[in-house]
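S.K.: The structure's right below; bear with me while I get my questions together.
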Amino acid sequence: MPKQLPITTYGMDILRKKTRPVRKIDNAIIDLVQNMFYTMDKSSGIGLAAPQINLGISLAVIDISALEEHKKESPMILINPVVKDSHGEVTLEEGCLSIPELHGNVSRPDQVFIKYNDFDMNEVEVELKGFMARVAQHEIDHLNGKLFIDYLSSEEKKEIKKQLSEIRKGNVKTDYKLHIHSGDSFLNL
Ligand code: NI
């Protein structure tokens with residue numbers, strides 16, 4: 001039975017760190033991928049990166065098929081993905097399971113060429129367009145310690161400052177399990 005894992009929340013260091021590559025596919029990774037798909041589904045997410053379940057490895061899953069207009073899109077498992085090339089630009093509102101309730105307009109290329117390892121560790125290169133390109137870039141950013149809020153203007157950042165500090169403290173309501181930054185403890189001398 002796959003497990004639902006808590007989602008790391010804004011304020012946790014793991015979300016700001018560059019991940020290390022996955023070297024081989026073993027049973028632990030296979031279990032992990034299953035748990036990630038399950039967790040993403042239970043959280044009504046369309047993408048999930050390993051740092052969001054507190055793991056610093058270069059692995060992300062995507063499944064946008066729950067959305068009516070994308071129901072024919074196959075799920076993707078991205079291992080060690082890198083954006084090789086990109087074209088165009090489109091602005092779209094984004095959110096993130098790790099930053100609940102917050103949304104913001106983010107401009108990104110709308111066509112990307114991505115290199116990654118498949119489940120047999122073969123190197124694969126694909127061209128993604130539109131919404132898949134959008135989600136893949138958001139997830140690859142996670143693997144590099146980057147969040148969608150980093151793209152907002154300084155004015156927009158100012159506007160969400162208070163909300164971010166509430167999220168950091170765990171003062172946020174979600175219908176999925178969160179893993180909250182525990183804060184600095186005086187006992188941790
Ligand atoms: Ni995200």
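Readers should treat all values here as calculations from the given coordinates under stated rules, not as data from a laboratory. As the structure is a computational prediction, the values presented were derived from the model and not from experiment. Please note: Cβ atoms are built from the backbone with ideal geometry, for glycine as well, and neighbour counts cover all protein chains shown.
S.K.: How far, in nm, would the chain grow between Glu159 and Tyr176 when pulled straight, counting 0.36 nm per residue and subtracting the alpha carbon separation?
M.R.: 3.6 nm
S.K.: Here's another thing I want to ask about it. Take Asp85 and Glu125, extend 7 Å from each Cα along the Cα→Cβ direction, and tell me the distance between the two endpoints in nm.
M.R.: 0.7
S.K.: Just in the stretch 22-127: which trypsin sites (Lys or Arg not before Pro) are loop by DSSP and have at most 13 other Cβ atoms within 10 Å?
M.R.: Arg23, Lys24, Lys71, Lys72
S.K.: Ratio of the chain's C-alpha Rg to 2.2 N^0.38 Å, to two decimals?
M.R.: Against the empirical 2.2 N^0.38 Å value, I get 1.02 for the chain.
S.K.: Could you work out [θ]222 nm for the chain from helices alone, using -39500 (n - 2.57) per DSSP H run of at least four and dividing by all its residues? Round to the nearest 500 deg cm²/dmol. Don't skip to the end; give the middle numbers.
M.R.: Values: 3 runs with 46 residues, N = 189.
That calculation yields -8000 deg cm²/dmol at 222 nm.
S.K.: Another question about this same structure. Name all residues of the stretch 3-17 having a backbone nitrogen under 19 Å from the label point set 7 Å from the Cα of Glu101 along its Cα→Cβ direction, giving them as ranges.
M.R.: Flagged as within label range: 7-12.
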